[in-house]
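**Q** Dumping the structure here so I can ask a few things about it.
The values are calculated or read from the model by the stated rules, or taken from the named source; none is laboratory data. Keep in mind the model is a prediction, meaning the values are calculated, not measured. Cβ placement follows ideal geometry from the backbone for every residue including glycine, while neighbour counts extend to all protein chains displayed.
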Amino acid sequence: MKRLAFGLFLVLANPGFAAAAEAPAANTGETADDQATQAESAASETPEAKTDELPDLSEEVQEASTQKGDTAASAAAAQKSWEDIVVVPRRAFLKGRRVELAPFSAISINDTLIRHYSFGGDITYYLTDVFSVGVEGQYFIKERSERESLVGLQFNRAPTLNKFKYSTSLVFGYVPGYGKFGLFNKYIVHWDLTLNAGIGLIWTETIPINPDVSKYPPFNNLNIMPHLGISTRMFVTNWLALSIGIRDYIFDDKFEKLDRPANQSAAVAKQNGQYSLTQNIMVFGSVGFYLPPSFQYKTPR
Amino acid sequence: MTKKAHTMKREIALLVGCLVGIPALAQAAQERKSPLADAPAIRKRFELRANRLEAGVGLTQTIGQDFYNALMLNLRLGYHITDWIGISASAGLLNITPNWRSSFNDQLNTTLGTSCQDPRNATSQLCSGSTAITSPTTDKTPTQANAAAAENRIGMVILPQVDLVPFTGKFSLFSKLFMNYDFYVLAGPALINLVSKTPSGANLTSECSKTDPNFCKARPYTGMKFGGNVGFGMHAFVNKYFAINLEAHNLIFKNNAAGRDVNGNGNVNSFDLQWTYNWMVGLNAVFFLPAHVKVSH
């Protein structure tokens, strides 16, 4: 009989527990102040919540406080807590004092006659979450365009071109923007925007107008090359990021002179060469690996 | 108590235990599932596009054209069926820079200035006398006027397209300003009106004195052409009904921009057409209607 009684007790007790668990949600005895506080708490704890809606909550808080006869100081405190909410709370990725190793590939986009593909890498040290300094190196592979091949046939002219060989630069970075987006409203991806500026060296080589290099040997140039850039980075894990960007390299390059005689040495041809300001705009895609591979938050947000 | 009664009590106890235990286990299993498991990534989200019309005006510009770039007055009209898919049309209706030469064309034009076909150079050192390297009868270099008359440029584009919007979010600038934004990819057909400096290259035949196709038979490839259009774009919402729209298109169509022989067969015809990739970027100020925005659950 004792077992039977115990079984019946469990049957009766089980809905009791369920009702107790649901009680907080069903409790209608909360004050407006409590509800507003909960709403504000939910808003601040949910990064995806639209901050545009928060002013309404803040107004509710203020209204509730006024109704209860609170002082102006409490209203000011409520306002202060609203102002304390940042646009993107708790960044998902911290870069400060970490090193990024980023192999990349790039393609030039602004020259009608010759296209360059490049392969290289960036090694970047982040002084803080927004400032960085690094070095960049790249190796170029040239490809003459369809238009270049038609210039001779269609216009009886041959263009003077230089190919890029390799380059290296010191790069400074600044991150003015940080954000996140929803992918099909299912996944949240954090990203940032980086501005770059740097200075370096580029090695180039002339492509002789006359393809007979035994009589028209090419010559090399070493040029000082400043650059500006902008890129965006999407954070995949705590140690991995994908980046795309654009960089504009500007340098004064020396080209072969149009009336170069045959059998002129490369040194003399270089001495007689013509300078021309060259702009090389390249689009980059890179994968960044961060060291150390993890990070710790040092502040609540 | 008889053995039969004892067994019966055990069965009753077992039955009660099952009645209590199975729902409790099921409930526990349900409780272990995260309440956010099926939740959308963003709750209470402004559906800034769903069932809204988009209309705007701006400028669009070609990039990396062989001979002439175009800056065009652009109109954009669209309707977003849902928050993530829409149909729209961008139209670069008026080329306001019809004589904007590319840097390549500038350099080419300079070198064509020494063509011996040009009557002004007939007595130059390059074209006559002991220092001549060619002559008006043998030089295959077209004159500047001949080259310019055969080159085409983009006069107008009409781009009906489908916009797919997988990325939406918000960003901060200097941790102060923030905007809602979206990224979208687009695809559709393209109508491109190619025009020449002079109608049908009118001044080509008057200059013709040779039989070389790249001089005498050159003719601009003009008219309304059909092609494809793929690209991507973004909206940055200043408020709930006004946004800055940035769009990049790659127009893919067959063209012979120089209007000259390409395959070397001595004629300028359809066999000289080549597939070309023509990038355009546009910046528009757009309004979304109705101004009211639905908020998702």
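**Q** Which residues, counting only those in region A:134-162, are in contact with a Ser or Thr (Cβ under 7 Å, 6 or more places away or on another chain) and farther than 22 Å from residue A:285 by Cβ?
**A** Residues satisfying the conditions are A:147, A:155, A:156, A:157, A:162.
**Q** Residue check, residue B:47 against (1) more than 30 Å from residue B:236 (Cα to Cα); (2) at pLDDT 70 or above; (3) within 11 Å of chain A (Cβ to nearest Cβ); (4) out of contact with any Gly (no Cβ under 9 Å at 6 or more places or on another chain), all met but one. Which one?
**A** Among (1) more than 30 Å from residue B:236 (Cα to Cα); (2) at pLDDT 70 or above; (3) within 11 Å of chain A (Cβ to nearest Cβ); (4) out of contact with any Gly (no Cβ under 9 Å at 6 or more places or on another chain), the lone unmet condition for residue B:47 is (1).
**Q** Out of B:71, B:59, B:14, I need the residue that is at pLDDT 70 or above and farther than 30 Å from residue B:109 by Cβ. Which one?
**A** B:14
**Q** Also: List pairs: first residue in region A:128-154 and in the same structural domain as residue A:195 (by TED's automatic domain parsing) and on the phi < 0 side of the Ramachandran plot, second residue among the hydroxyl-bearing types (Ser, Thr, Tyr) and part of a helix (DSSP H, G or I) anywhere in the structure, Cβ distance under 6 angstrom, at least six positions apart or on different chains.
**A** No pair meets every condition.
**Q** Sticking with this one: For region B:116-162, name all the residues that are of a type outside the set (Val, Ile, Thr), closer than 30 Å to residue B:79 by Cα and surrounded by fewer than 22 Cβ atoms within 10 Å (Cβ to Cβ).
**A** B:155, B:156, B:160
**Q** For region B:271-297, how many residues are modelled with pLDDT under 90 and not in a loop (DSSP other than H, G, I, E, B)?
**A** Number satisfying all stated conditions: 2.
**Q** Further question on the same structure: Going residue by residue through region B:177-184, is there one that turns out to be in a loop (DSSP other than H, G, I, E, B), among the aromatic types (Phe, Trp, Tyr), at the interface with chain A (Cβ under 7 Å from one of its Cβ atoms) and without any contact (Cβ under 8 Å) to a residue 60 or more places away in the chain?
**A** No: zero hits.
**Q** Does region A:260-269 contain any residue that is in contact with a helix residue (DSSP H, G or I) (Cβ under 7 Å, 6 or more places away or on another chain) and part of a loop (DSSP other than H, G, I, E, B)?
**A** Yes, some residue in region A:260-269 is in contact with a helix residue (DSSP H, G or I) (Cβ under 7 Å, 6 or more places away or on another chain) and part of a loop (DSSP other than H, G, I, E, B).
**Q** Only one of A:112, A:71, A:66 is under 23 Å from residue B:277 (Cβ atoms) and at pLDDT below 90. Can you tell me which?
**A** Exactly one of A:112, A:71, A:66 is under 23 Å from residue B:277 (Cβ atoms) and at pLDDT below 90, namely A:112.
**Q** Which of the residues spanning region A:157-176 are closer than 14 Å to residue A:131 by Cβ, of a type outside the set (A, V, I, L, M) and within 14 Å of chain B (Cβ to nearest Cβ)?
**A** Of everything in region A:157-176, those that are closer than 14 Å to residue A:131 by Cβ, of a type outside the set (A, V, I, L, M) and within 14 Å of chain B (Cβ to nearest Cβ) turn out to be A:174, A:176.
**Q** For region A:178-188, state whether one or more residues are in contact with a Leu (Cβ under 6 Å, 6 or more places away or on another chain), within 14 Å of chain B (Cβ to nearest Cβ) and either over 30 Å from residue B:110 (Cα atoms) or not aliphatic (A, V, I, L, M) (or both).
**A** Among the residues of region A:178-188, not one is in contact with a Leu (Cβ under 6 Å, 6 or more places away or on another chain), within 14 Å of chain B (Cβ to nearest Cβ) and either over 30 Å from residue B:110 (Cα atoms) or not aliphatic (A, V, I, L, M) (or both), which makes the answer no.
**Q** Any residue in region A:247-259 that is outside any loop (DSSP other than H, G, I, E, B) and farther than 24 Å from residue A:109 by Cα?
**A** No - not one qualifying residue is present in region A:247-259.
**Q** Failed condition for residue A:297, given (1) aromatic (Phe, Trp, Tyr); (2) outside any strand (DSSP E or B); (3) buried (at least 16 other Cβ atoms within 10 Å of the Cβ), with all others met?
**A** If we test residue A:297 against (1) aromatic (Phe, Trp, Tyr); (2) outside any strand (DSSP E or B); (3) buried (at least 16 other Cβ atoms within 10 Å of the Cβ), just (3) comes out false.
**Q** Test residue B:232 against the criterion of being exposed (fewer than 15 other Cβ atoms within 10 Å of the Cβ), assigned to a strand (DSSP E or B) and under 16 Å from the mean Cα position of the chain (by Cα), and give yes or no.
**A** no
**Q** Out of everything in region A:189-230 that is among the β-branched types (Val, Ile, Thr) and part of a loop (DSSP other than H, G, I, E, B), what residue ends up being nearest to the other protein chains (Cβ to nearest Cβ)?
**A** Selected residue: A:209.
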